[in-house]
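Worksheet: the structure to be examined is printed underneath.
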Amino acid sequence: MNLSPLLQVVNIYKKYQNQDLLSGVSFEVFSGETVCLLGPSGSGKSTLLRIIAGIEYAEKGMVKWAGKDLSKVPVHYRRFSLMFQDYALFPHLNVNDNVAFGLRMQRMDESLIRRRVAESLKMVNLQTFGQRRVTELSGGEQQRVALARALAPHPRLIMLDEPLGALDRSLKDQLNKELRSLLKRLAIPVIYVTHDQEEAYAIADRLLILHDGLIVQQGNAEQIVSQPKNLWLAGFLGFTNTIKGRVIKLNPLTISTSFGKFVSTAQTANCKVGQDVTLVLKPHGVQFGKINRQQNCIKGKVIEVLFKGENHQIAVEIGKGTLISVQSTQPLSIGDVVNIYFPPDSVLYYES
């Protein structure tokens, strides 16, 4: 990876219906890197892509490529490809003509267009589909055609807006793997937008979490999942087990709650004895059974069991009106009384 970024998004502001949508978004993308913008629906991810592409304009801030401000550079001179969620294919055209459309708009020589179309379709394993109408294709095949069209102009940046959003889970998983392999071979910088966490984890070199108009945390998937920066992000990642507590010791970090004491290996910067905190208990990696431990253990009653394929999602009542959700590979039954042990690395804390 080059030390200097190719794309720089600098302090972007944008309003939507008089409400702040983007409030000072800044990030960089390096050569050959796949960066994933992850966030809830309505967080401004797609708008940000359109600003980078030049389709929309920011009210403040700038987009740079190799240090050059693109504010006055028209869309067709930026050499960025944007693949939309609905693919935006032309139903009256066949596959070849859909892929060639943007090249013809650039008045490219027809022999070069044919070569680019064949090359792009081969990349997505659709080299025999050129004469088919797109209305005859499956959702996965249409997705590949849209990707081939994005690749055909040899862009210097690819932006993919929820490219797998309309597909079922099994096909999504398959195409996600193929897409990651293809993007790595091309070594083109990519911005990939999704609200699907598993999709993001599988394809991204680096995640950018967008919330309330800002990038609230960035890093690889392991870094973000192991230590979400704030309580909102922990909840967004699915860590919804929260209980109130108070710090009683710093080394090791020990927190007293109405359900017992918990030791955490989370970072203790700016943490003080006597501080009120909210504990977040991660649902996976827990242990069940007759556990003889003085800390990190909760007793409760199983009230719901949902089979999730590789494991079971267990809802446990640990106090009157207090529920937690954990994952288990062993089948439990409604009504079982269980002891649950949370390892220290699955115990997070945040200022209350």
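Quick notes on this one:
- Any hit, the stretch 316-330, residues being surrounded by 12 or more Cβ atoms within 10 Å (Cβ to Cβ), under 20 Å from P344 (Cβ atoms) and of a type in the set (D, E, K, R): no
- So G309, is it of a type in the set (G, A, S), surrounded by 13 or more Cβ atoms within 10 Å (Cβ to Cβ) and either part of a loop (DSSP other than H, G, I, E, B) or free of Cβ contacts under 8 Å to residues at least 60 places away in the same chain (or both): no
- Taken together, the residues in the stretch 271-283 that are loosely packed, with under 12 Cβ neighbours inside 10 Å and either in contact with a helix residue (DSSP H, G or I) (Cβ under 9 Å, 6 or more places away or on another chain) or hydrophobic (A, V, I, L, M, F, W, C) (or both) amount to 1.
- Of all residues making up the stretch 169-201, the number that are in a loop (DSSP other than H, G, I, E, B) and either within 12 Å of the chain's Cα centre (by Cα) or without any contact (Cβ under 8 Å) to a residue 24 or more places away in the chain (or both): 2
Let's see how each residue does on (1) β-branched (V, I, T); (2) crowded, with 16+ Cβ neighbours inside 10 Å; (3) within 20 Å of the chain's Cα centre (by Cα); (4) within 16 Å of D161 (Cβ to Cβ):
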| site | (1), (2), (3), (4) |
| --- | --- |
| G39 | no, yes, yes, yes |
| V63 | yes, yes, no, no |
| Y77 | no, no, no, no |
| A100 | no, yes, no, no |
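- Residues that are more than 19 Å from S256 (Cα to Cα), part of a strand (DSSP E or B) and either of a type in the set (A, V, I, L, M, F, W, C) or without any contact (Cβ under 8 Å) to a residue 40 or more places away in the chain (or both) do occur in the stretch 326-336.
- Residues of the stretch 293-306 include none that is among the charged types (D, E, K, R), under 20 Å from L348 (Cα atoms) and surrounded by 16 or more Cβ atoms within 10 Å (Cβ to Cβ).
- Test: residue in the stretch 202-212 that is at pLDDT below 95, assigned to a helix (DSSP H, G or I) and either assigned by TED's automatic domain parsing to the domain that holds L183 or in contact with a Lys or Arg (Cβ under 8 Å, 6 or more places away or on another chain) (or both): yes
- Subset of the stretch 41-58 that is among the small types (G, A, S) and in contact with a strand residue (DSSP E or B) (Cβ under 6 Å, 6 or more places away or on another chain) - its residue that is surrounded by the most Cβ atoms within 10 Å (Cβ to Cβ): G44
The values are calculated or read from the model by the stated rules, or taken from the named source; none is laboratory data. These numbers come from a predicted model, not from an experiment. Here the Cβ is made from the backbone with ideal geometry for all residues, glycine too, and neighbour counts use every protein chain on show.
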